[in-house]
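The values are calculated or read from the model by the stated rules, or taken from the named source; none is laboratory data. None of the values given here were measured: they were computed from a predicted structure. Using ideal geometry, Cβ is built from the backbone for each residue, glycine included, and neighbour counts are taken over all protein chains shown. In case anyone asks, the SASA skips ligands and DNA or RNA and just uses the protein heavy atoms, side chains included. Shrake-Rupley method; radii C 1.70, N 1.55, O 1.52, S 1.80 Å.
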Amino acid sequence: MAGFQYTKVGGDSYTDNLIGTLLAILGNLLVSVAVCIQKYSHVTLAGTKDPRVFYRTKTWWCGLVLTALGEAANFVSYAFAPLSLISPLNAVSVIASSILGFVFLREKWKPKEFFKRYVLSFLGCILTIAGTYLFVTFGPNYHQKLNAKNIVTQVVGWPFLVYVLLEIITFCLLLYCYKQRNADYLVVILLLVALLGSVTVITVKAVAGMLVLSIQGTMQLHYPIFYVMFVCMVATVVFQATFLSQATHLYDSSMIACVNYIFSTSFAIVAGAIFYLEFFHMDILHICMYLLGYNLEFHVLVTRCHNAGIPTIHDKEWRAVQPDYNGSFSYGALVNNDSVVPVSLPTPDQLAGTVSPADTLYGTADLKND
C-alpha cells in the first residue's frame with residue numbers, strides 16, 4: 001500500500017474533491033444540454049424538409065461545442081477526485097436529459113400514462129439525487145498525488161497485475177463467445193465495453209493527473225509512463241465505441257444506456273479501489289453508506305428505464321412522431337405547438353417500398369442519427 005502518497009481529509013483534499021465533483025456535474029449537464037440541442041437541430045430539419053445536412057446548421061455545431069466542453073470538464077475532473085466519486089455522477093446526465101426532454105422537447109403522452117411516465121419518473125429523479133448525495137458525501141476523501149513515479153509503482157504492483165490478468169482472461173473468453181459462438185447478447189457486448197472501460201478510467205485519471213501536475217509546475221510529460229497511459233486510453237476508447245456501435249444495431253438505446261451505465265460504473269469503482277486504493281482509508285460506516293447510495297441510484301435507474309414504460313423501437317403499438325414545423329425557427333418549449341398535428345414517420349412497409357429522392361434525405365439515416 002506504499003504506492004501513493006495521501007493527505008488528510010480537509011484542506012487540499014477536500015478542495016480537490018469539491019472541484020472534481022463540481023466539474024463532473026457541470027460536464028454531464030453540458031452534455032445533456034448538447035444532446036437536446038442537437039436533437040432540436042435534427043427535428044427542425046426534418047420538419048421543414050430543409051435540404052441541408054445536419055452538420056451545416058448552427059444549432060448542431062452549438063451542441064457539438066457544448067459536448068466538447070462537457071467532456072473536457074469530465075476529463076479534468078478525474079485529476080481532482082476519486083474514480084468512485086466521478087464515475088457514478090454520470091447519473092446527472094440521465095436526470096438532466098429526463099427534465100430537458102419534458103420541458104424543452106415537450107414530450108406528450110396520453111393522460112392515463114401521466115402518472116406512470118411523469119410522476120414515477122419525478123420520484124425516480126428525487127431518489128437518484130438522494131443516492132448521489134450519499135455516495136458523494138460518504139465516498140473516498142483522500143487526495144492522491146498522481147506523479148509518474150507513484151503510477152509506475154502501482155502498475156507493477158501485484159494487486160493491479162492480478163486484476164489485469166483476470167480482466168484479460170475474462171475479456172478473451174467473452175470475445176471468443178461473441179465472435180466464434182455468435183453469443184451477441186447485450187450482457188456479453190456491454191461486459192466487453194465495461195472491461196475496456198475499467199482500463200480507460202484508470203488511464204484517463206493518470207493522464208489527467210499528470211497533465212494537471214505538469215501545468216502546476218512539476219513536469220511529468222517526459223516520463224514514458226505518460227505516453228503508455230495515453231496510448232492505452234485512446235485504444236480502449238476506440239474499441240469501446242466499436243462495441244457500443246455494434247450493440248446499437250441489435251438493441252434499444254434505452255436498454256443499452258441502463259445496462260452500460262451499471263456495468264461501466266461498477267467496473268470503474270472496482271478499478272479505482274484496486275489501482276488507486278480509494279477505499280483503503282475508509283471506515284465501515286462510510287463504505288456502507290456509500291454502497292447504500294450506489295444501490296439506491298442504480299435500482300432507481302433500472303426501474304425507471306425498464307419498468308416506468310419508456311417506449312422502445314420494438315414496441316408494436318408505439319410509433320415515433322416528429323413535430324411539424326410551423327414556419328418559425330422554434331420548437332418545444334419555445335413555441336406552443338399544441339394545435340399542430342405531428343407528422344408520422346414512415347412505417348416499415350413504406351420504407352421497404354419505393355422512396356422518392358426528397359424522402360431519401362430524411363429516411364432511415366436521419367432516424368439513426370436522432
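A few notes on this one:
- Qualifying residue in region 224-235 (condition: assigned to a helix (DSSP H, G or I), within 23 Å of Val94 (Cβ to Cβ) and open to solvent by less than 60 Å² (accessible area, probe 1.4 Å)): no
- The criterion of at least 3 residues that are surrounded by fewer than 20 Cβ atoms within 10 Å (Cβ to Cβ), within 24 Å of the chain's Cα centre (by Cα) and at pLDDT below 90 is met, among helices (runs of 4 or more DSSP H) falling completely within region 115-211, by 120-138.
- Flag for Thr67 being open to solvent by less than 30 Å² (accessible area, probe 1.4 Å) and either of a type in the set (S, T, N, Q) or touching an Asp or Glu at 6+ places or on another chain (Cβ under 9 Å) (or both): no
- Annotation note: of Val43, Val9, the sole residue that is open to solvent by less than 10 Å² (accessible area, probe 1.4 Å), at pLDDT below 80 and either touching a Leu at 6+ places or on another chain (Cβ under 6 Å) or farther than 17 Å from Ile99 by Cβ (or both) is Val43.
- Candidates are the residues of region 248-262 that are of a type in the set (A, V, I, L, M, F, W, C) and open to solvent by less than 50 Å² (accessible area, probe 1.4 Å); the one that is modelled with the lowest pLDDT is Cys258.
- Residue match in region 68-83 (condition: modelled with pLDDT of 80 or more, more than 30 Å from Ser214 (Cβ to Cβ) and in a helix (DSSP H, G or I)): no
- Any hit, region 27-39, residues being part of a helix (DSSP H, G or I) and open to solvent by 60 Å² or more (accessible area, probe 1.4 Å): yes
- Within region 230-283, the residues that satisfy the criterion of being in contact (Cβ under 8 Å) with a residue 24 or more places away in the chain and under 13 Å from Thr203 (Cα atoms) are Phe230, Cys232, Met233, Thr236, Val237, Ala268, Ala271, Gly272, Phe275, Tyr276.
- Being open to solvent by less than 30 Å² (accessible area, probe 1.4 Å) and either part of a helix (DSSP H, G or I) or within 20 Å of Phe135 (Cβ to Cβ) (or both) is a property that Ile274 lacks.
- Failed condition for Gln220, given (1) part of a helix (DSSP H, G or I); (2) more than 28 Å from Ala257 (Cα to Cα): (1)
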